[in-house]
1. Test A20 against the criterion of being of a type in the set (A, V, I, L, M) and near the ligand (Cβ under 10 Å from one of its atoms), and give yes or no.
2. Among the residues of the range 28-41, is any closer than 20 Å to H166 by Cα, within 10 Å of the ligand (Cβ to nearest atom) and either surrounded by fewer than 19 Cβ atoms within 10 Å (Cβ to Cβ) or among the acidic types (D, E) (or both)?
3. Is it the case that some residue within the range 151-159 is within 13 Å of the ligand (Cβ to nearest atom), at pLDDT 95 or above and not in a helix (DSSP H, G or I)?
4. Return a yes/no flag: does the range 149-160 have any residue that is open to solvent by 30 Å² or more (accessible area, probe 1.4 Å) and more than 19 Å from A20 (Cα to Cα).
5. Pick out the one residue from R45, R114 that is at pLDDT 95 or above, open to solvent by less than 10 Å² (accessible area, probe 1.4 Å) and either in contact with a Leu (Cβ under 7 Å, 6 or more places away or on another chain) or more than 20 Å from Q168 (Cβ to Cβ) (or both).
6. Quick one: would you say Y35 is out of contact with any strand residue (DSSP E or B) (no Cβ under 6 Å at 6 or more places or on another chain), aromatic (F, W, Y) and under 30 Å from A218 (Cβ atoms)?
7. Taking S23 as meeting all but one of (1) more than 14 Å from L95 (Cβ to Cβ); (2) within 11 Å of the chain's Cα centre (by Cα), write down the number of the exception.
Amino acid sequence: MNASANTRRLVVTIDGPAGAGKSTTARALAAQLGYIYLDTGALYRAVAWKANTTGIDCSNPVALKDLLQHMDLHVTLEDHTTRTIVGSQDVTPFLRAPDVTRVASTVAAMPEVREWLLPIQQQFGQAGGIVAEGRDMGTRVFPNAEVKFFLNADLNTRTSRRYQEHRQAGHDGNQEDIRHQIHDRDTRDQSRNIAPLVPATDALVIDSSPMTVDEVVATMMESITARL
Ligand code: DC
């Protein structure tokens with residue numbers, strides 16, 4: 001279904017843990033609705049990439065603040081891809097590397113980083129017509145979003161989905177390592193003091209474990225079209 005020109009352009013948020021299927025479903029929804037797609041994990045990953053390449057201790061707030069002050073981050077959302085440009089370099093191809101993934105959850109727990117990224121994310125929602133994906137979209141970045149989802153799946157399902165993605169991307173790794181990494185990352189994302197991963201009170205919680213991508217997208221489209 002394509003949304004017609006005279007329908008409302010909503011802010012749709014999808015939060016949830018790693019491997020629940022947020023990116024795939026968010027992209028599919030954005031394509032069906034003719035909306036932009038914002039992958040906010042890419043922004044945290046870009047900060048992690050910069051911290052890694054600069055070699056700073058990213059659990060040190062002073063070093064991190066200094067890094068952000070000198071970080072020129074530019075984001076474009078064409079063709080349902082969130083491209084992040086740091087300085088003059090398009091760093092998008094480097095952001096899924098395991099060492100960036102590891103550091104991303106550390107920088108995401110730092111208030112300095114979350115504050116810095118807040119207006120960068122919010123500017124994309126000003127005109128509506130956006131599907132935004134992350135951990136705190138419905139709770140903090142777009143608390144007034146018209147439609148909010150919290151997409152979950154059990155640890156086994158998420159592990160095997162991530163394992164397939166890793167193999168397809170040509171990265172090494174075995175399933176047990178990936179299971180531990182996801183579990184540790186979930187714990188860090190859920191237990192941090194600032195913007196922890198929790199469903200917004202007005203979010204529709206979907207367990208995608210037994211569902212295909214098409215089924216998840218169809219369930220979400222039902223909620224969205226009711227609001228158009
Ligand atoms: O979704 P992802 O795996 O690309 O996210 C990378 C890291 O950033 C992950 O540890 C969660 C964190 N993150 C966050 O804290 N808030 C967001 N809105 C998006 C991602």
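The values are calculated or read from the model by the stated rules, or taken from the named source; none is laboratory data. Being a predicted model, the structure only gives us computed values, none of them experimental. So basically every Cβ, Gly included, is an ideal-geometry build from the backbone, and we count neighbours across all protein chains shown. Please note that ligands, DNA and RNA were not included when accessible areas were found on the heavy atoms of the full protein model with its side chains. Shrake-Rupley method; radii C 1.70, N 1.55, O 1.52, S 1.80 Å.
1. Yes.
2. Looking for residues that are closer than 20 Å to H166 by Cα, within 10 Å of the ligand (Cβ to nearest atom) and either surrounded by fewer than 19 Cβ atoms within 10 Å (Cβ to Cβ) or among the acidic types (D, E) (or both), one finds at least one in the range 28-41, hence yes.
3. The answer is yes, given that some residue of the range 151-159 is within 13 Å of the ligand (Cβ to nearest atom), at pLDDT 95 or above and not in a helix (DSSP H, G or I).
4. For the range 149-160, residues open to solvent by 30 Å² or more (accessible area, probe 1.4 Å) and more than 19 Å from A20 (Cα to Cα): absent.
5. Answer to the check: R114.
6. No, not satisfied.
7. (1)
Residue-wise test of (1) within 13 Å of the ligand (Cβ to nearest atom); (2) farther than 14 Å from Y44 by Cβ; (3) out of contact with any helix residue (DSSP H, G or I) (no Cβ under 6 Å at 6 or more places or on another chain); (4) at pLDDT 95 or above.
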residue	(1), (2), (3), (4)
D66	no, yes, yes, yes
Q69	no, yes, yes, yes
H80	no, yes, no, no
R83	no, yes, no, yes
G87	no, yes, yes, yes
M110	yes, no, no, no
I120	yes, no, yes, yes
